[in-house]
Amino acid sequence: MTIKQKIWNITILIFAIGMIVVYTISSDTYILLQRTEYVHYPYLSKIQELSNRLNGIQDGLLDALDSRSETSINRARENAGSFRKITLDMAAIAGKKEISEEILVRFNEYFVEAESAASIIIGIKNGDASSEMGRMTVSLNKLNDTLLREQLKATQIFEQSLAESRKHVQEMLAISLLSALAVFLAWSLLPVVSFLPFYKPGISEDRRKKNLAG
């Protein structure tokens, strides 16, 4: 095997390995992006939406206490229905059914007690408001802790996915450039290698010209 053939074989081997690595990384990147698009981001979005909806429910119940009006409680009930719907939508996300059910259970515990406490305070229901408020506070704290924990976790996973995707793209670019550089160097060396046999030390000028002519 001539030097020229060896250079070409090595170049082809490097290029082939580079393309295999790029293909593997690109496949991993595609899977990662798919999971980010259909799992990580939707889940983060739903958790944030639940937190915002919970704040709206709390504001509605406070309005009911201030205005002594059942209308505000009805609006809180509507928001509660929206909260439950969001948890059901979230349960459809891959791997999120269990946590969605946990959030829904905690929310129902909170809202039953919050609605009851508000109804007692504004006079449309009889009962011990202080006792209901105490249970509501405990339930609300558990719900808030769960939402905060999941939001922090979802944010971290989402940001990690984006960082890994950027890293994979950079790796593919670097490998592609190195593969292209290997081909370029091979092309650059070929003219030199082609003339090496005709410039051996001690060869006569006539013999060199004859070799070049032949």
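Please treat every number below as a calculation from the coordinates, not as lab data. Please read all numbers here as calculations on a predicted model, not as lab measurements. Methodologically, a virtual Cβ is constructed for each residue, glycine included, from the backbone with ideal geometry; neighbour enumeration extends over all protein chains shown.
Does ALA163 count as in a helix (DSSP H, G or I), out of contact with any strand residue (DSSP E or B) (no Cβ under 7 Å at 6 or more places or on another chain), exposed (fewer than 14 other Cβ atoms within 10 Å of the Cβ) and small (Gly, Ala, Ser)?
When the stated conditions are applied, ALA163 passes them.
Tell me which residues, restricted to the range 92-118, are free of Cβ contacts under 8 Å to residues at least 24 places away in the same chain, part of a helix (DSSP H, G or I) and surrounded by fewer than 16 Cβ atoms within 10 Å (Cβ to Cβ).
LYS97, GLU98, GLU101, VAL105, VAL112 - these are the residues of the range 92-118 that are free of Cβ contacts under 8 Å to residues at least 24 places away in the same chain, part of a helix (DSSP H, G or I) and surrounded by fewer than 16 Cβ atoms within 10 Å (Cβ to Cβ).
Scan the range 59-80 and tell me whether some residue there is loosely packed, with under 14 Cβ neighbours inside 10 Å, under 17 Å from ILE121 (Cα atoms), hydroxyl-bearing (Ser, Thr, Tyr) and out of contact with any Lys or Arg (no Cβ under 7 Å at 6 or more places or on another chain).
yes
Taking the range 124-145 as the region of interest, how many residues are in a helix (DSSP H, G or I) and either in contact (Cβ under 8 Å) with a residue 60 or more places away in the chain or of a type outside the set (D, E, K, R) (or both)?
Result for the range 124-145: 13.
Which condition number in (1) in contact with a helix residue (DSSP H, G or I) (Cβ under 6 Å, 6 or more places away or on another chain); (2) in a loop (DSSP other than H, G, I, E, B) is the one that ILE121 fails?
(2)
Scan the range 23-57 residue by residue and report those that are exposed (fewer than 15 other Cβ atoms within 10 Å of the Cβ) and more than 23 Å from the chain's Cα centre (by Cα).
ASN55
Just give me the residues in the range 10-20 being under 31 Å from the mean Cα position of the chain (by Cα), of a type in the set (Val, Ile, Thr) and closer than 9 Å to SER179 by Cβ, in sequence order.
Selection gives ILE17 alone.
Applying the selection to the range 44-91, what residues are in a helix (DSSP H, G or I) and of a type in the set (Ser, Thr, Tyr)?
SER45, SER51, SER67, THR71, SER72, SER82, THR87
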